[in-house]
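The values are calculated or read from the model by the stated rules, or taken from the named source; none is laboratory data. Since we're looking at a predicted model, the values are computed, not measured. We place every Cβ from the backbone using ideal geometry, glycine too, and count neighbours over all the protein chains shown. Heavy atoms of the whole protein, side chains included, go into the accessibility calculation; ligands, DNA and RNA do not. Shrake-Rupley method; radii C 1.70, N 1.55, O 1.52, S 1.80 Å.
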Amino acid sequence: MATERLNRYLSLAASVSRRVADEMVRNGRVTVGGVPVLDPGTLWDPSTQEVRLDGRTLVPVQEEKIYIMLYKPDNVVTTMKDREGRKTAPSLIGELSSRVFPVGRLDFHTTGLLLLTNDGEFAYRLTHPRFGVEKTYIAKLQSIPRPAELNVLRRGVAIEGKMTTPAQINFIEKKTGKAWVMMRIAEGRYHQVRKMFDAIGHRVTKLRRVAIGPLELSGVEPGEWRYLTSKEVREMNAYMDRRAVEVAGQKPPADVPRHPKRFETPADRGKRKVIKQSINEAARKKEIEKEKAAATAKGAERKGPRQPKPAWKRGAKHPGRKKSPPKPRGPFKSR
């Protein structure tokens, strides 16, 4: 069975870099089982095939396995190289006897435990979902979540059309409107922790990974690194063996329900409060208008129709008007 990459084998056996090994293959200097090979990434079977360089059989030197714990600081990428010129995690370690690579990734602004190794099998077991390796994070939230909101994460939440596996959540403390929460998950989706808290309406302002399985971040400060002890490596391998058995007996995450339950976020509650206040104010104004209209109608009913004033209340006539001549009291007799 083809299990070994040709360029990696050449790099170890000839004590050259991967780039030089690739050039050796492309130049036709390498044969596998007596057949020339021009593809550096060719897979071959060490148990049945023989690799020769310029006609000479190559015997690889046993590579020393290296396992490193790095405390990744902020503003560092976990790739081997960065096109934008940002600082990378491998650059914090420097040159070693063997080339190491990061196991998995941490986001640019996420700090904490990052493992680097040259053991491909170890890295595969740490990152493949069927081993279900748990990672523990401490998140600082911009607001304080309610117990019911954290229970949503414990059951699993829909992210981009797929449910997450249940998470272990521990509330650490709250202070000045902020909260610190510990989360343990067995998945590694892109920005998963941040998206899970976003789903319940709480933004993550700081995130630090503090453990991978039984291995806890210890003995290093941000930007520092150390080798794992042989005991830590044995415990990690034993843990991954147990987790593989446990995960094999678990059911896969359920699909997102067709009509998922609506979960109210703090932003939704704020909008609902504003709408409720507007409705109450409109209802109050309507009641005030009704009260005014009723008072006006009641006053008009009490007064009744307007009656003319009696003569004695009309007052004296206007002084500028001419008086009519007095009527004669009796028959007029001329002398």
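Could you compute how fast region 158-207 diffuses translationally, taking Rh as the Kirkwood radius over C-alpha pairs and applying Stokes-Einstein at 4 °C with viscosity 1.567 mPa s? Give it in µm² per second.
109
Based only on Cα atoms, what Rg/Rh ratio does region 92-137 have, Rh being taken as Kirkwood's radius?
When Rh is taken as the Kirkwood radius, the ratio is 0.99.
With Rg and the Kirkwood Rh both taken from Cα atoms, where does Rg over Rh land for region 34-175?
1.11
Let me spell out the model: positive unit charges on the Cβ of Lys and Arg, negative unit charges on the Cβ of Asp and Glu, origin at the Cα centre of region 130-184. What dipole size does that give, in debye rounded to 20?
Values: 11 positive and 4 negative charges, 14 e Å.
Taking the Cα centre of region 130-184 as origin, the dipole is about 60 debye.
For region 1-96, what is the Kirkwood hydrodynamic radius in Å, using each pair of distinct C-alpha atoms?
Details: mean 1/r = 0.0651 Å⁻¹.
Kirkwood radius, region 1-96: 15.4 Å.
Using only Cα atoms, locate the centre of region 1-48 and the centre of region 170-220, then give the distance between them in Å, rounded to an integer.
One Cα centre to the other: 43 Å.
Probe 1.4 Å, all protein chains in place: accessible area of Glu224 in Å², nearest 10?
90
Within region 69-175, what percent of beta bridges assigned by DSSP are antiparallel, to the nearest 5? Show your work: numbers first, answer last.
Numbers: 8 of 9 bridges.
So the antiparallel bridges in region 69-175 amount to around 90 percent.
Taking all protein chains together and a probe of 1.4 Å, list Leu217, Leu114 from the most accessible to the least accessible.
Ranked from most to least accessible, the order is Leu217, Leu114.
Which entries of Lys65/Lys206; Lys72/Lys135; Lys175/Lys276; Lys65/Lys231; Lys175/Lys206; Lys174/Lys195 have Cα-Cα distances beyond 25 Å here? Write out the running numbers ahead of the final one.
Details: Lys65/Lys206 33 Å; Lys72/Lys135 15 Å; Lys175/Lys276 30 Å; Lys65/Lys231 14 Å; Lys175/Lys206 15 Å; Lys174/Lys195 21 Å.
Check vs 25 Å cut-off fails for Lys65/Lys206; Lys175/Lys276.
List the residues whose amide H sits under 5 Å from the amide H of Ser143, counting only those 5 or more places along or on another chain, with H placed 1.01 Å from N in the peptide plane.
Ala179, Arg203
Over region 73-188, average the accessible area per residue using a 1.4 Å probe and give it in Å², no decimals.
52
Among 35-46, 115-126, how do they line up from the highest to the lowest mean number of other beta-carbon atoms within 10 Å?
115-126, 35-46
With a 1.4 Å probe and every protein chain kept in, tell me what percent of the accessible surface of region 80-161 is carbon plus sulfur.
Here carbon and sulfur together make up 48 percent of the probe-accessible area.
Sketch the reach of a paramagnetic label on Asp268 as a point 7 Å from Cα along Cα-to-Cβ, and name the residues of region 125-147 whose backbone nitrogen lies under 14 Å away.
So the set is 146.
Arranged from highest to lowest average of other beta-carbon atoms within 10 Å per residue, in what order do the peptides 140-153, 191-204 appear? Please report the intermediate quantities before stating the final value.
Details: 140-153: 15.7, 191-204: 18.6.
Highest mean packing first, the order is 191-204, 140-153.
Would you mind calculating the relative contact order of region 95-244 from Cα pairs under 8 angstrom and at least 6 residues apart, reporting the percent as a whole number? Spell out each step's value before the answer.
Working: 230 pairs, mean separation 45.3, N = 150.
Once normalised by length, the contact order is 30 percent.
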